[in-house]
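The values are calculated or read from the model by the stated rules, or taken from the named source; none is laboratory data. All of these numbers come straight from a predicted model, not from anything done at the bench. Every residue, glycine as well, gets a Cβ built from its backbone with ideal geometry; the counts of neighbours run over all protein chains shown.
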Amino acid sequence: MALNYFQPLFDVIRDKDRCIKCQACARQCANEVHRYDGDLDMMISDSQQCVDCQRCVCICPTGALKIVDNPNKFRNNSNWSQQIMTEVYKQAETGGVLLSAMGNPKEYPVYWDKILLNASQVTNPPIDPLREPMETKVFLGKKPKNVSFNEDGSVKTETTPTLELSTPIMFSAMSYGSISRNAHESLARAATELGIFYNTGEGGLHKDFYQYGSNTIVQVASGRFGVFKDYLETGAAIEIKMGQGAKPGIGGHLPGAKILEDVSRTRMIPMGTDAISPAPHHDIYSIEDLRQLVLSLKEATEYKKPVIVKIAAVHNVAAIASGIARSGADIIAIDGYRGGTGAAPTRIRDNVGIPIELALASVDQRLRDEGIRNEVSVVVAGSIRSSSDVVKAIALGADACYIGTAALLALGCHLCRSCQTGKCNWGIATQRPDLVKRLNPNIGYQRLVNLVHAWDHEIKEMMGGMGINSVEALRGNRLMLRGIGLNEKELEILGIQHAGQ
Amino acid sequence: MLEKEGQVRIPAGCAISGFISRDGNRICGDKIVKSISYMHDRSNGLGGGFAGYGIYPEYKDQYAFHIFYDSNEARVETERFLDKHFDVVNLSRIPTRKHPNITNEPLIWRYFVNPLPTKLTESQLDEREFVAQCVININDKINGSYVFSSGKNMGVFKAVGYPEDVGEFYRLEEYAGYAWTAHGRYPTNTPGWWGGAHPFALLDYTIVHNGEISSYDANRRYIEMYGYKCNLLTDTEVITYIIDFLNRKQKLCLEDIAKIIAAPFWSEIDSDKYSESERQKLKYFRNVFSSLLITGPFSIILGFDGGLMALNDRLKLRSMVAAEKGDMVYLASEECAIRAICPVVDRIWSPRGGEPIIVKLNEKK
């Protein structure tokens, strides 16, 4: 037998005094970490299989389990970390590309945490959201250049199609296939109840969910999975996915193991085949091609739906956004390098793209410099972790935010980053019926509603503190922001002053 | 070292006052000086100013430019610019009298000008846009030169000092107009720069404003997309540009402008207070001009050719009182400023937040 070069990442610690050998952990763990040994009359753990999803810890009725980092370490080396060494072993063994899931976990700066918000003192009053109206409704879409008037002198009030959001938060694109039916149902119902939108991702739309169409954004990605007339007509808006923050420059990859009957029908591909969408759209090799796709989709839906173009935040994102703003698109969605994914090559996820904070700041400023900021709305994603991230994003210039990871957390995800295995113990990133049923959409949707309500309350509190009673007065209001511990260049790109200035 | 206005954003509290004769009777400038002087405690001596309408009947068809110069060099450079773009009909120093409380005055000049027809044609702009762009150009590009008044048959007079002293300094008793507005400033931090005093003006639009808006940077970054340059970083400047943009460029009426900058709350729009068509319009405004919503406390008096408009923020976070007497309408931060010049009024009331009071000359109706 070959030597095992790998050390388990985690240690499963079981308090034998507390354990009642109920075997709930064994039944719950799709990774088969826990098993009951009848001969020994004890629970046995195989730490090597553990992904630290915390399912067993949460389920254990006596609190007997803990998952901790394996204290065993390779010899310290500031250059060759244990993780890098392990990855070399893994590739030497398999010859394969390393795969990861969820957003970039590396220690890059999180600019949200280096930006502070303002509050009113003396010269103008803070506004109390418990006692005064506080508004978070936003519209996404193109604004007309000039007001036009009817013959009787009244204002013409028709606009190009817009999305109306009760609060500036939407659920990011996550495909049916990468996540479960119950996860999709939770998102769709929550979006409907909240008066916001969720996004199908590139996996098509299950027939059962057409009823939530008016709160659904349908995505058209490079693989065109599940795209047909009814699909386009059902959504409230159409999103062309050019790129994703977690994997800029490459297409999606859904392993055949996740393509079961329903997923195969929804994606319109054979069961069990890998769904690999191409890196580019093969009809879009340039900006003018994008314009043609935008207009084709509008033509196909009789100009009744706004078109979103989603791109990954890459180095020249401002120039790209400027091109998109002139392409006929109504909304630009920008996904930062910390954005989540169901599966991405690790090297790409961890090394490609730029932070959303910087991308947003430069896109917003560039569009204003060119006088075309009103041609498009800007939605940002990857990663928005809290209501204060939302407030900071809007003050930097975003119209709204997409949340993906935070929404999955609301459904129970513990960020074990193993979605690609399809063995999600929380019933989210899996298609195994026994696992999927663990996520009850009645509870899941309520948790999503709770989360967004809580954030909406917090956004209102923060706005009120700044003396702002409507979110539109916050948008692009960079005077409300100050940097902390940022250098001149970072402040310049963010377009904000340093704390104390 | 203290930074000059425009290098730093300076919050300020204030007093405002204004009145108009709807019949167009010309009223001596000393009356507005008296009115604002009763709110002395709302200013701190770091800025005061006035706008008078109908004060230049002899030059009513020319644009009257009032300009501050830091130096003669700035004047020479500016006059070179003016000669290149305008036919200067008359120029002179603005008459002032020495006043113990008004010091460090810049050079203050006045020009009555018409745009040169050749330049105007070449620019492919309408006349008012041409003039506005020239003013913005001078203020933005020529160091030490600042056009602080640029409308027809109207003028702004402002300085660092208490407003009543500023009024005496500019000899306002020698002017008469059908409408006047005044401003006393209480900035929280400024070395005092004359250009930073109010009213702020572009063409015939003038604004006196009391408040500190919390939407400032959202408004500024929007309006700067349309060729405006917010050099002073003051609320008043950005509000003036917003009104110019909506009124002159988007051709919206003042009533509609009030519904954009002090938009009704959604709860109100969705109530049965409005007709369906009105609701559609309000929704359209809040969608299309969302970045021009002004939040935080403000009370403003807008002066324009032929009238005044007063407006409070939608929560009414700043005081403002209005009164009527015969053909006269009075507007002020405090009632005392009205009673000081019109002790007995026909009606006095406190306008609600977001509800504009628009008063126009009768013959212009």
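A few notes on this one:
- When segment B:176-231 is limited to residues that are polar (S, T, N, Q) and buried (at least 24 other Cβ atoms within 10 Å of the Cβ), the one that is modelled with the lowest pLDDT turns out to be B:ASN210.
- Output for segment B:314-365, where each listed residue is within 21 Å of the chain's Cα centre (by Cα) and over 25 Å from B:GLU212 (Cβ atoms): B:ALA323, B:MET328, B:VAL329, B:VAL359, B:LYS360, B:LEU361, B:LYS364
- Residue count, segment A:268-303 (criterion: within 26 Å of A:ALA343 (Cβ to Cβ), in a loop (DSSP other than H, G, I, E, B) and of a type in the set (Gly, Ala, Ser)): 3
- Residue selected from segment B:317-349 under the condition touching a Ser or Thr at 6+ places or on another chain (Cβ under 8 Å) and part of a loop (DSSP other than H, G, I, E, B), by the criterion nearest to B:ILE261 (Cα to Cα): B:ARG318
- Restricting segment A:122-165 to residues that are of a type in the set (A, V, I, L, M, F, W, C) and loosely packed, with under 14 Cβ neighbours inside 10 Å leaves a set whose member that is farthest from the other protein chains (Cβ to nearest Cβ) is A:LEU130.
- Extreme residue, surrounded by the fewest Cβ atoms within 10 Å (Cβ to Cβ), among residues of segment A:26-43 that are within 25 Å of A:GLY427 (Cβ to Cβ) and in contact with a Lys or Arg (Cβ under 8 Å, 6 or more places away or on another chain): A:TYR36
- Criterion (within 14 Å of chain B (Cβ to nearest Cβ), on the phi > 0 side of the Ramachandran plot and touching a helix residue (DSSP H, G or I) at 6+ places or on another chain (Cβ under 7 Å)) met by exactly one of A:GLY397, A:GLY427, A:GLY422: A:GLY397
- Condition check for A:GLY342: at negative phi, away from every other protein chain (no Cβ under 14 Å) and modelled with pLDDT under 95: yes
- Qualifying positions in segment A:84-103 - loosely packed, with under 11 Cβ neighbours inside 10 Å and among the polar types (S, T, N, Q): A:THR94
- Any chance B:ARG318 is farther than 30 Å from A:GLY467 by Cβ and not aliphatic (A, V, I, L, M): no
- Scanning segment A:18-37 for residues that are touching a residue at least 12 places away in the same chain (Cβ under 8 Å) and more than 21 Å from A:CYS416 (Cα to Cα) returns A:ARG18, A:CYS19, A:ILE20, A:LYS21, A:CYS22, A:GLN23, A:TYR36.
- Taking the conditions (1) free of Cβ contacts under 8 Å to residues at least 60 places away in the same chain; (2) closer than 24 Å to A:GLU164 by Cβ; (3) surrounded by fewer than 19 Cβ atoms within 10 Å (Cβ to Cβ) in turn, A:VAL294 satisfies each one other than (3).
- Every residue from segment A:324-364 that is farther than 16 Å from A:ASP399 by Cβ, under 15 Å from the mean Cα position of the chain (by Cα) and assigned to a helix (DSSP H, G or I): A:ARG349
- Hits in segment B:22-44 (condition: more than 18 Å from B:ARG318 (Cα to Cα) and either within 18 Å of the chain's Cα centre (by Cα) or among the hydrophobic types (A, V, I, L, M, F, W, C) (or both)): B:ILE27, B:CYS28, B:GLY29, B:ILE32, B:VAL33, B:SER35
- Within segment A:464-495, the set of residues being more than 9 Å from chain B (Cβ to nearest Cβ), on the phi < 0 side of the Ramachandran plot and part of a loop (DSSP other than H, G, I, E, B) comprises A:ILE484, A:LEU486, A:ASN487.
- Summed over segment A:410-444, residues that are part of a helix (DSSP H, G or I) and touching a Leu at 6+ places or on another chain (Cβ under 8 Å) total 3.
- Any chance B:ILE223 is more than 12 Å from chain A (Cβ to nearest Cβ) and either assigned to a loop (DSSP other than H, G, I, E, B) or hydrophobic (A, V, I, L, M, F, W, C) (or both): no
Residue-wise test of (1) in contact with a Cys (Cβ under 9 Å, 6 or more places away or on another chain); (2) part of a helix (DSSP H, G or I); (3) of a type outside the set (S, T, N, Q); (4) farther than 25 Å from B:ASP126 by Cα.
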position: B:LEU232; (1), (2), (3), (4): no, no, yes, yes
position: B:THR240; (1), (2), (3), (4): no, yes, no, no
position: B:ILE243; (1), (2), (3), (4): no, yes, yes, no
position: B:LYS251; (1), (2), (3), (4): no, no, yes, no
position: B:ALA258; (1), (2), (3), (4): no, yes, yes, yes
position: B:PRO264; (1), (2), (3), (4): no, no, yes, yes
position: B:GLU268; (1), (2), (3), (4): no, yes, yes, yes
position: B:LYS273; (1), (2), (3), (4): no, no, yes, yes
position: B:SER277; (1), (2), (3), (4): no, yes, no, yes
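- Which listed residue, of A:ALA398, A:ALA321, is under 30 Å from A:LYS145 (Cα atoms), modelled with pLDDT of 95 or more, more than 13 Å from the chain's Cα centre (by Cα) and in a helix (DSSP H, G or I): A:ALA321
- Scanning segment B:36-70 for residues that are assigned to a helix (DSSP H, G or I) and surrounded by fewer than 16 Cβ atoms within 10 Å (Cβ to Cβ) gives B:HIS40, B:ASP41, B:PRO57, B:GLU58.
- Matching option when the condition is within 15 Å of the chain's Cα centre (by Cα) and either among the polar types (S, T, N, Q) or surrounded by fewer than 24 Cβ atoms within 10 Å (Cβ to Cβ) (or both), among A:THR200, A:THR192, A:THR216: A:THR200
- Among the helices (runs of 4 or more DSSP H) confined to segment B:71-166, the ones with at least 2 residues that are surrounded by fewer than 13 Cβ atoms within 10 Å (Cβ to Cβ) and over 23 Å from the mean Cα position of the chain (by Cα) are located at B:72-85, B:117-123.
- Residue within segment A:438-455 that is more than 21 Å from A:SER387 (Cα to Cα), away from chain B (no Cβ under 14 Å), basic (Lys, Arg) and over 25 Å from the mean Cα position of the chain (by Cα) present: no
- Residues in segment B:287-316 that are in contact (Cβ under 8 Å) with a residue 60 or more places away in the chain, outside any helix (DSSP H, G or I) and within 14 Å of chain A (Cβ to nearest Cβ): B:LEU293, B:ILE294, B:THR295, B:GLY296, B:PRO297, B:PHE298, B:SER299, B:ASP313.
- Counting only residues that are surrounded by 11 or more Cβ atoms within 10 Å (Cβ to Cβ) and assigned to a loop (DSSP other than H, G, I, E, B), segment A:64-83 holds 5 of them.
- Restricting attention to segment A:166-187, the residues that are buried (at least 24 other Cβ atoms within 10 Å of the Cβ) and within 14 Å of chain B (Cβ to nearest Cβ) total 2.
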